[in-house]
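Contents: one structure, followed by commentary.
Here, each number is a calculation from the coordinates, and none is a lab measurement. Quick caveat, the model's predicted, so the values are computed rather than measured. In this analysis, Cβ positions are derived from the backbone assuming ideal geometry, glycine residues included, and neighbour counts consider all displayed protein chains.
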Amino acid sequence: MSYETLRYDVADEVATITLDRPDRLNTIVPPMPEEFQAAIDAAAVDAEVKVIVVRGAGRAFCAGYDFGGGFHHWDELMTTDGRWDPGKDFLTASAYGPTYRFMSMWRVPKPVVAQVHGWCVGGGSDMALCADIVIASDDAQIGTPYSRMWGCYLSGMWIHRLGLAKAKEHALTGKPLSGAEAADVGLINAAVPFERLEAEVATMVAQLKSVPASQLAAMKLIVNQAYESRGLSGTQTLGPILDGLMRNTPDAHRFIDTAERDGVGAAVAARDRPFGDYSQAPPERRPDPNHTIDPG
């Protein structure tokens, strides 16, 4: 299969999926969700693959959904005659929408390691946190700016990976965490300096490869089942529905109007200015732009 938005490579029992829109910080557009699930499915049935690694090309893992031009990339799935169609949006959210497709990482019986660097925000963080193991660079920025405007938790992994106190704090403020901070609060597994990121992921992959595939599948399944019993699937049903509503409130329409009139930068600057993060962050709260991944 050929891919437009990602690369798929297999070597030494590892399938590597590289999000490949580096000029747009690997933001999500069609057909990325469909291609992502196809790549996961390919790894699932390949007997030569024991472990899957997901990463991003360039200077970011994934900066979320691309809403340039008012999110019109997704009109076919969400609008009718140029207007938001809540029924169509609901069907997409509850059936085979992007979140369901990125959750293929959760369902595949092989372990998935997310290698996170740079910006990992919005839908990009929802995606990364679906992986089984998440290893980030210290200076990565992981967050959900849509908590403040124009969205709602999608995969629910922010909720299920954090304890109540931190889950509420980040849900209500959208404050980002550096990779180091995310590891400290248990949102992700580990954070290391960018120069060691690839080696740290390789060490984890080597350890996973040393375990029989059937053993990996059994242990992944039993942990997943425990979280399913705690209501994960219910969270994932409600999240995209609320996301659709939050994209179509009067406040959300004003947000998009500002983006279309004055540019996306102006809209997100107004959103982030009270918090001094994301677009308004000082240099020390931004990923180092020199930390890039070249997939070759």
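What order do you get for Phe255, Phe275, Phe61 when you list them from fewest to most C-beta neighbours inside 10 Å?
Numbers: Phe255 20, Phe275 15, Phe61 32.
So the ranking, lowest neighbour count to highest, is Phe275, Phe255, Phe61.
Mind sorting Cys130, Cys120, Cys152 by how few other Cβ atoms lie within 10 Å of their own Cβ, fewest first? Each step should come with its number before you reach the end.
Details: Cys130 23, Cys120 34, Cys152 19.
Ascending number of Cβ neighbours within 10 Å: Cys152, Cys130, Cys120.
Applying a 10 Å radius around every beta-carbon, put 187-197, 264-274 in order of their mean neighbour count, most first. Intermediate values should be presented prior to the final figure.
Working: 187-197: 18.8, 264-274: 16.0.
Put in order of decreasing packing, that is 187-197, 264-274.
Kirkwood Rh, the stretch 1-114, all Cα pairs: how many Å? Intermediate results must be reported in sequence, preceding the final value.
Numbers: mean 1/r = 0.0667 Å⁻¹.
Taking every pair of different Cα atoms in the stretch 1-114, averaging 1/r and inverting gives 15.0 Å.
Hey, what angle do you get for helix 250-262 against the long axis of the chain, alpha-carbon based, 0 to 90 degrees rounded to 10?
So the helix axis and the longest Cα principal axis differ by about 90 degrees.
Please give me the summed charge of the neighbours of Cys152: other residues whose Cβ is under 12 Å from its Cβ, Lys and Arg +1, Asp and Glu -1. Walk me through the intermediate numbers first.
Working: positive: Arg148, Arg247; negative: Asp126, Asp243.
Computed value for this residue: 0.
Would you mind ranking Met1, Met157, Met204 so that the residue whose beta carbon has the fewest other beta carbons within 10 Å leads the list?
Details: Met1 8, Met157 24, Met204 19.
Lowest to highest Cβ neighbour count: Met1, Met204, Met157.
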